[in-house]
Amino acid sequence: MKKKVHTNILKLLPQRQYDRANECYIYEDGSVMDIVGIRCKDLNTQSSDELEMDMLQFFSTYKDDIKIISINIPTNCEKQIAFISKKIEQCKNEFRKQQLDIKLKELEWVQKNRLTKEFFIEYFSRDLEEHRKQSLLISQSLESRNLLLKISKKEKDIVLMKMNNKNIRA
């Protein structure tokens, strides 16, 4: 006879609360975790020296533990779809309306079938004071190269959900 395994989600996931003032997650032991986005650059137009310098500068100034996360997220075309739909309603030229319809179908296909690869840095601190120092250091070193993307709580939740549930579409 198989033994039933009773597990609680609180045993599996260490995050206990989200601190809105500091925009970070607090674990049950009081340690802190936060996530920031990395703005990707066009690799084809940059020299290899520039690419090395971007991340080398960050790794030379930031010495603590980090986790670099890459996630495929469905492409969001909601704003473009809304704009094209509005233009279709206002359009009086039949030829132009057909062109806009084609563009709308393309955007709907992209939103349904394409994924965007996004990158994030997850970093850890012992307490809130250390988190503030690390957050400042990360923002200074990544903003100087225009690589930092501040993300909202909703986006952080999506990243955590995707990391903990590999088989879902975020």
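The values are calculated or read from the model by the stated rules, or taken from the named source; none is laboratory data. It should be emphasised that the depicted structure is a prediction, and the values quoted were computed from it without experimental measurement. Using ideal geometry, Cβ is built from the backbone for each residue, glycine included, and neighbour counts are taken over all protein chains shown. For accessibility, only protein heavy atoms count, side chains too; no ligands or nucleic acids. Shrake-Rupley method; radii C 1.70, N 1.55, O 1.52, S 1.80 Å.
Report ³J(HN,Hα) in whole Hz for each residue of the range 147-155, in order, from the Karplus equation J = 6.51 cos²θ - 1.76 cosθ + 1.60 where θ = phi - 60°; Gly and Pro get x.
10, 8, 10, 6, 10, 7, 4, 4, 5
Would you check the accessible area of Ser152, probe 1.4 Å, heavy atoms only, in square angstrom rounded to 10?
50 Å²
Leaving out ligands and nucleic acids, note down the accessible area per residue over the chain with a 1.4 angstrom probe, in whole Å².
With all protein chains present, the chain gives 72 Å² per residue.
Going by alpha carbons, how many degrees (0 to 90, nearest 10) lie between the helix axis of 94-113 and the longest principal axis of the chain?
20 degrees
Explain nothing, just compute: Karplus ³J(HN,Hα) = 6.51 cos²θ - 1.76 cosθ + 1.60, θ = phi - 60°, for every residue of the range 158-165 in order, whole Hz, x for Gly and Pro.
Whole-Hz 3J(HN,Hα) from phi for the range 158-165: 5, 4, 5, 4, 5, 5, 8, 9.
List the trypsin sites (Lys or Arg not before Pro) within the range 14-59 that fall in a DSSP loop (any state other than H, G, I, E or B) and whose Cβ has at most 16 other Cβ atoms within 10 Å.
For trypsin sites (Lys or Arg not before Pro) across the range 14-59 that sit outside H, G, I, E and B with at most 16 neighbouring Cβ atoms in 10 Å, the list reads Arg20, Arg39, Lys41.
As an exercise, identify the trypsin sites (Lys or Arg not before Pro) in the range 70-170 lying in DSSP coil whose Cβ has no more than 15 other Cβ atoms within 10 Å.
Details: sites: Lys79, Lys86, Lys87, Lys92, Arg96, Lys97, Lys103, Lys105, Lys112, Arg114, Lys117, Arg126, Arg132, Lys133, Arg145, Lys150, Lys153, Lys154, Lys156, Lys162, Lys166, Arg169; in loops: Lys92, Arg114, Arg126, Arg145, Lys150, Lys166, Arg169.
Listed in order of number, the matching sites are Lys92, Arg114, Arg126, Arg145, Lys150, Lys166, Arg169.
What per residue convex hull volume, in Å³, do the alpha-carbon atoms of the range 59-121 yield? Intermediate results must be reported in sequence, preceding the final value.
Values: hull volume 6.5 nm³, N = 63.
It is 102 Å³ per residue.
Expressed as an acute angle from 0 to 90° and rounded to the nearest 10, what is the orientation of the C-alpha long axis of helix 48-61 relative to the principal long axis of the chain?
Approximately 40 degrees, to the nearest 10.
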